[in-house]
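Written out below as structure tokens is the structure these notes cover.
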Amino acid sequence: MEDDAPVIYGLEFQARALTSQTAESDAIRFLVGTQSLKFDNQIHIIDFDDENNIISKSVLQHEAGEIWHISASPADKAVLTTCYNITSESRVVTSSAVWRMPPEWESGSHESPDDPHNSHNPQSLDLLCHLDNSAHGNASCVLWEPMGDGKRVISLADNHALLWDLTESSTQATISSSATLEGKGQLKFTSGKWSPHHNCTQLATANDTAIRGWDLRTMKQIYCIENAHGQLVRDLDFNPNKQYYLASCGDDCKVKFWDVRNISEPVKTLEEHSHWVWSVRYNHSHDQLVLTGSSDSRVILSNMVSISSEPFGHLVDDDDLSDGEDNHNDEKTKEPLQDSIISMYEEHEDSVYAIEWSSADPWLFASLSYDGRLVINRVPRALKYRILL
Amino acid sequence: MAVSSRKRRVHGMLKLYYGLNEEGKTVDQAESLDPCDINGPHFDPEVYLNKLRRECSLGELMDQESCMVKQIRSLDSDMQTLVYENYNKFISATDTIRKMKNDFKKMEDEMDCLTTNMAAITVFSARISGTLQDQHAQITKLSGVHTLLRKLQFLFELPARLNKCLELQAYAQAVTSHRRARCVLQQYSHMPSFRGIQDDCHAIMDKLAQELRQKFRDGGSSAKDLSECVELLLQLDEPAEELCDKFLTHARSLSATPTAGTDILEFIDRGCNEFVSSLCLVIASYQELFVNRPQESNLAYKNIPQMAVGKLHAFVDSLAARYFSLVERRIQEEKSVGDNSLLVRALDRFHRRLQAVAKLLPGSAVPSQGTEIVVRAARERVKQYLAALQSFYLDSLTDVRQALAAPRLGGSSAGGGLPELLSSLSASILNQIKTVLASVHLFTAKDITFSNKPYFKGEFCSQGVRESLVVNFIKFVCQSSRQFCESAVDRGGSTPPALLLLLSRLCLDYETSTISYILTLTDEQFLVQHHSPVTAVTALCGEAREAAQKLLNHYVKVQGLIISQMLRKSVETRDWVNTIEPRNVRAVMKRVVEDTTSIDVQVGLLYEEGVRKAHSSDSSKRTFSVYSSSRQQSRYTPSYTPSAPMDTNLMSNIHKLFSERIDIFSPVEFNKVSVLTGIIKISLKTFLECVRLRTFGRYGLQQIQVDCHYLQMYLWRFVSDENLVHFLLDEIVGSTAHRCLDPAPMEQSVIEVICERG
């Protein structure tokens, strides 16, 4: 069972923003936003043909500015949000907007990446609406309501969390409620995650070394993990299957797993990276698979069986007990998996700021490093079969 | 046949008497077969004559004849003489026989006379005895009556006599008398008079027994009295079991329980003197009384010794248990670890005194229990010493911490006294260990009685001292060091970095020499024989090394973090788009260099220099060309062609292709250069990441250029591979240029001027 080699795709620009097309469940498709101060920024739509191991891309112009964060609507494939920098009159402002991809991007035949024609005349994104946050400061990220109908987003801007309602086919955005983080000093949300549990009424945010939970109905803080990490918390992710479990990563090179009902100690801590961990992602279907990307240019796939929703250890059914010999062999080959690193991917040469699982294929993920290298990798087959069988 | 053979024998005997040897004749036959031998038996005169006539001349014949005649004559006369002599003898023999005949006749007459006399005497005697018979029977009967009467008198007098004995306290005599009469009285008890006597006697004897028991109970009497008492009571058929019980109950009250003393030695002393010696006394007298009794006494006593010994054991055990629990409680109170000799001496005395019990009572469990107590005490002691060592260690760490925190005298740079602190710390720890070892060693001293017990020879040395004291302490040191790394991470360095560095060096020293020294010392002092598996020196060294590594890594992390934090703040808080043209190196950079220098000094105090890659004398100049203007020109010139992606990044990508991946938070080696490299790596990487999150104006880029050049000038000397610094600074400037709205780099010469001026 040899594993397929990773597929590498190079962008012309530096890039930090990566998302999978959440609403797409058939094609393996990732969206990458570039960062360039000089040139028009782009959104690369990267399609991966799993059978032939071929990448095809289409490029959309994002003329508004360099993209710091991108996220795709869970309801409409064509809708996405970006957080971008605008530089005007020696001022740098980060704002966010909802965009629609032009209808042709999909019908327009997928060009091979090095087709000059396509690259020369890229199409532009259609602006649906701005999430006007000029009153609230610089946006750091926009979160769609998980599994929602694409009508609600949250944007994090400086120390505000704003809940927007998108109306009239997302062309109008109004703030329905907001929460503000109070405290001394300049507080700033670095990252956040909308919990898919509890009827999507909870939000987790990170600022400095703390992780906070919010109830969206009241917009009040419900928990706060002070000093969750020794240094800045960079990213969060909710376990898709266990409602109280949360993963976080940060500048102390650690990945921590929390049970928000008991926040005094992390449930588990991983210390495998040798520099800041910028991103952590649970696999959408098999939550023992945890992906982390770090500025040590490594991506690490870990198997956290002990805190996953999968039954931990070997469960012996009554049937198994009845016929001995056959199962004995089975048991040997099927020892319970331990918490472990599955593999360390070293295809990147610069800091990896974003990683994302594919929304279509649970065994596939993409990682993006600052130098514009996108790597598509798969979970090792051996492990895949062990989990499945 | 028989007659003829007898005849011949007689004939032979006669022949023998006369010198005629029949045998001789036959024997001599061979030589005297010659018929011519005139003396031979086969002499044939005819042959002889013929021979003579043939051989001899006439003259000779004449001579022969005359000679022969002469011989015949002499033979004749010899014969006549013989015959005559024998005749005389016959005559005298005949005379003697005739005389004897006469004598015998006279004797026969006398004998007859005697026979008649004897018959007369017999008749007389029979008549006398017949008359005397009646009288003799009477006498015998009388004498029997007399004896009986005497016995009866004794019996009748017995009560009075017993009473008198009682009055005089001549118990022994009373008991003997009573014993003599007892059987008789028992036998004739059906007769009323005897019954009366018996009852009287019983009453008296009961009283006597009462009195004896009283005496026995009073106990004030001497051991001899006591034993007499017991003896008598035993003879009185008093149940031996009860006596034993009574005796022991009595003894129980006698043996005073030791009271709590002021110090342990005094306590044990008192315990030994009061309890153990009285216990010994009791055992001895008890054995005298019940166990070692000569078996002369009657069958009833036969199983007494066994029973008595059983009781004694139970008694001693129960008493000893009480005593031991007291002793143990007292030993447990002995917490102060100051002077071990007192405890050891106390235990020794305790143990020694118990040996006396062992001698007196061979099968007793008491001495072994005592030994167990000693063993437990020793074990407890070792534990206490471990705790003491640990607290000593922690105290000294606190001292070190205070010394580090205290304002430095004489204005010496950071961690000026580090080597002194380290050496004093390790010396004091070592001293403490030695002191403890010396104290513990008392347990195995030759003059201590229990030191030759197998526990103290084997397990105490190997498991007790070596493992649970020394090895555990070393493990504790390593472990507590590791804890400094773990607990301090989240709190952002509550442990001063200098302490981490110092501990790291301490652990490293332990790994290289101290551990093996301590263990060798222990093994030598205690002559440890490794019966059971013990922790190997290498395992401990490994642990120490691991701890040292962890501490040093942590040190690097903490120091790196401090510098990182400065850099991060400086990048994050500034408005880089609207900054002014750089005139100076920013103060933060100077601070970074200063801090790095002081860290360098600090580490240099404890760690060796380490190896660095060779570099040319003017490395700062040379390396500066790495991001010199010529290269930057190509870099920042817009040359965007979609077919050739990222021209601007090409250089750095190529560079990366050939350079190794840099692990930022990677383990460091035990030398200064490696430590400094680690710290600088962390700091610069932070700088890089922070820069990438910002947007810069033209002067922002130039400021970064100046800053990086400044860092370049000073940091290269600290690291093992200066290219690393160049590479990272290159990356920083490169990334800044990327994030710059108006990338117009500053002239190299200007940068240099600014830096040198700064």
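Derivation of every value follows stated rules applied to the coordinates shown; laboratory data play no part. All values derive from a computational prediction rather than experimental measurement. A quick note on method: Cβ atoms are made from the backbone with ideal geometry, for glycine too, and the neighbour counts reach across all protein chains shown.
Remarks
- Rounded to the nearest 20 debye, the dipole magnitude of chain A is 1720 debye, with +1 charges on Lys and Arg beta carbons, -1 on Asp and Glu beta carbons, and the Cα centre as origin.
- The length gained on full extension between B:Thr116 and B:Arg322, counted as 0.36 nm times the residue separation minus their Cα-Cα distance, comes to 64.1 nm.
- Net charge dipole, the range A:183-279: roughly 380 debye, given to the nearest 20, about the Cα centre with Cβ charges of +1 for Lys and Arg and -1 for Asp and Glu.
- Protection-proxy order for peptides A:75-87, B:271-283, each taking the mean of Cβ atoms within 10 Å per residue, highest first: A:75-87, B:271-283
- Given charges at Cβ of Lys, Arg, Asp, Glu: the range B:687-758 dipole, positive-most of B:Phe696, B:Gly734, B:Val750: B:Phe696
- Taking amide H atoms as placed 1.01 Å from N in the peptide plane, the amide H of A:Gly250 lies under 5 Å from those of A:Arg234, A:Val277, each 5 or more residues away in sequence or on another chain.
- Our compactness index for chain A, the C-alpha radius of gyration over the empirical 2.2 N^0.38 Å, is 1.00.
- Taking the C-alpha atoms only, the angle from helix A:324-333 to the longest principal axis of chain A is near 40 degrees.
- The radius of gyration of the Cα set in the range B:321-360, together with its Dmax, comes out at 11.6, 37 angstrom.
- Length-normalised contact order for chain A - Cα pairs under 8 Å, 6+ apart - percent: 14 percent
- Backbone HN-Hα couplings from phi across the range A:354-360 [Karplus 6.51/-1.76/1.60, Hz, Gly and Pro as x]: 9, 9, 7, 7, 6, 7, 8
- Among B:472-481, B:193-202, the peptide with the highest mean count of other Cβ atoms within 10 Å heads the list, and the full ranking is B:472-481, B:193-202.
- Volume per residue of the C-alpha convex hull in the range B:115-176, rounded to whole Å³: 104 Å³
- Shown in residue order for the range B:471-484 are the 3J(HN,Hα) couplings computed by the Karplus curve 6.51 cos²θ - 1.76 cosθ + 1.60 at θ = phi - 60°: 4, 4, 5, 4, 4, 4, 4, 4, 5, 5, 5, 4, 4, 4 Hz (x for Gly and Pro).
- In this rough spin-label picture, where each label sits 7 Å from Cα along the Cβ direction, the A:Tyr223-B:Lys590 distance is 4.9 nm.
- Of A:Asn133, A:Asn303, A:Asn199, the one that fluctuates the most in a GNM where chain A has Cα springs shorter than 10 Å: A:Asn199
- A simple rule links phi to the HN-Hα coupling: the Karplus curve 6.51 cos²θ - 1.76 cosθ + 1.60 with θ = phi - 60°, which for the range A:185-193 gives x, 8, 8, 8, 6, 9, 6, x, 8 Hz, with x for Gly and Pro.
- Share of pairwise Cα separations in the range B:44-182, more than 27 Å, in percent: 74 percent
- Net charge in the neighbourhood of B:Leu61 (other residues with Cβ under 12 Å of its Cβ; Lys, Arg +1, Asp, Glu -1) is -1.
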